[in-house]
Every structure is written in structure tokens, then in C-alpha cells.
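Have a look at the structure below before the remarks.
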Amino acid sequence: MNTNEQHRSGHVVIGVDTHKHVHVAAVMDTIGGILATLTVPTDTGGFQQLLDWATAFGKVLAFGVEGTGSYGATLASFLRRAGHKVVEAGRPDRRLRRMNGKSDTLDAENAARAVLAGFATATPKTADGETEMIRRLKIAHDQAVEQRAAAMVTMKAMLVHAPDGLRHETAGKTQIALARHLAGLRPRRLEALRTHSVTPCARWPSGGSTSKPRPKS
């Protein structure tokens with residue numbers, strides 16, 4: 001941690017560079033500049049440590065958190081519930097990053113400066129309550145729809161090479177009827193090589209394949 005004991009106003013802003021496993025914070029006094037930096041884990045204990053550390057420097061005007069829609073979402077929600085103002089600090093300019101090199105501490109300091117200068121003003125989504133529950137339900141629904149569509153494409157592709165009997169049985173069926181029909185099939189005991197690339201099923205008509213099992217010796 002770096003400290004700066006210059007003149008202070010007692011009013012500070014906090015910039016936070018967020019990551020998957022750790023967050024890096026910088027506290028900036030309105031007249032004293034950057035006072036200190038801190039790295040905390042991304043769990044409730046780390047969030048509380050950051051909050052206690054920040055409030056020890058004076059009255060917190062706002063937290064500028066990067067990535068409030070991704071890695072910083074949980075921290076932003078925690079700080080908001082604690083009664084603090086949270087703004088989206090935005091990601092640093094990629095061109096400047098390439099010129100100056102990657103530095104989490106520098107990113108946190110720049111986030112604090114953006115808040116103090118008034119560049120960072122966007123209020124992040126709350127990610128709490130009914131809105132968040134609906135959002136997560138929509139995500140689960142959308143994924144289920146995508147997976148169902150992918151499964152149907154796979155089933156129809158496999159039926160192209162299925163025995164004639166099975167293809168006749170499934171021809172013209174709706175997607176739901178086709179899925180139920182195929183789910184009800186059960187494999188036979190394999191006793192001979194088949195010319196088809198799929199496993200024969202007990203419900204296939206006897207005429208679905210011209211091959212016969214070899215007689216037992």
C-alpha cells in the first residue's frame with residue numbers, strides 16, 4: 001500500500017480496476033491526489049475490507065468501478081447496498097494501455113481521476129431484485145432454446161443415414177413428436193455388423209434392414 005500524507009480535504013473518490021479473482025482500488029483526495037492503493041479478493045470479505053479502507057480516508061463521494069456489467073457487478077451491488085454512489089468508470093483506452101503498459105494500479109488511479117473530473121457519470125444497472133431475477137431467467141430460457149435447436153439439428157442429421165424403416169416412421173413428424181418418438185427407442189443386442197451408421201432399435205420394423213444375424217455355431 002502506498003500512502004501520501006499531503007494536504008487533504010477529507011473528501012475522496014475511489015477508483016476500482018476489477019478482475020476475476022482480485023480487485024485493485026485507489027483512493028484519491030479532491031485536493032491531495034492519490035493517497036493509497038489496495039488489492040482485495042473478489043468475495044464479501046474483500047469487499048468489506050475495501051469499504052472499511054476507503055471510508056477511513058474521509059467522506060467517500062463516489063466509487064468509480066470498471067466493468068460493472070461483468071467482473072465489477074457484485075462489488076457495485078455491494079457498495080450500493082451500503083449506501084454509496086457507484087458510477088461506471090469505463091475501461092481504459094486500449095491505445096494508451098499499449099503505450100504505457102498494463103498496470104492494474106494505474107487503471108484504478110485513472111478510474112478515480114475520471115470520477116473526480118466528471119468524465120465517469122454513468123450509473124450502472126442495479127443487478128438486484130426482480131430485474132436481476134428476470135434477467136437470469138431469460139438467460140436460462142435463451143440457452144435452453146439454443147440447445148433444443150442444436151439437438152434437433154443433430155437428430156435430423158443422424159436420421160439421414162438411418163434405416164429406411166426408421167426414416168419412414170419419423171417422416172412428417174413435428175419436432176416434439178419426433179423427439180418423443182426417438183426418446184422411446186431402445187437398442188437391440190448387437191449380434192451382427194450392420195450397413196447403417198446408427199444403432200438398430202427394438203421398435204424398428206423388421207423390414208428396416210435386410211441383414212440377418214449369423215447363425216450361432
Using a 1.4 Å probe on the protein heavy atoms only, what accessible surface does Arg188 show? Give it in Å² to the nearest 10. 100
Which percent of the accessible area of the range 1-77 is formed by carbon and sulfur heavy atoms (probe 1.4 angstrom)? 52
Give me the distance between the Cα centres of the range 10-85 and the range 149-169, rounded to whole Å. 55
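The values are calculated or read from the model by the stated rules, or taken from the named source; none is laboratory data. Given the structure is predicted, the values throughout are model-derived calculations rather than measurements. With ligands, DNA and RNA removed, areas are computed over all heavy atoms of the protein, side chains included. Shrake-Rupley method; radii C 1.70, N 1.55, O 1.52, S 1.80 Å.
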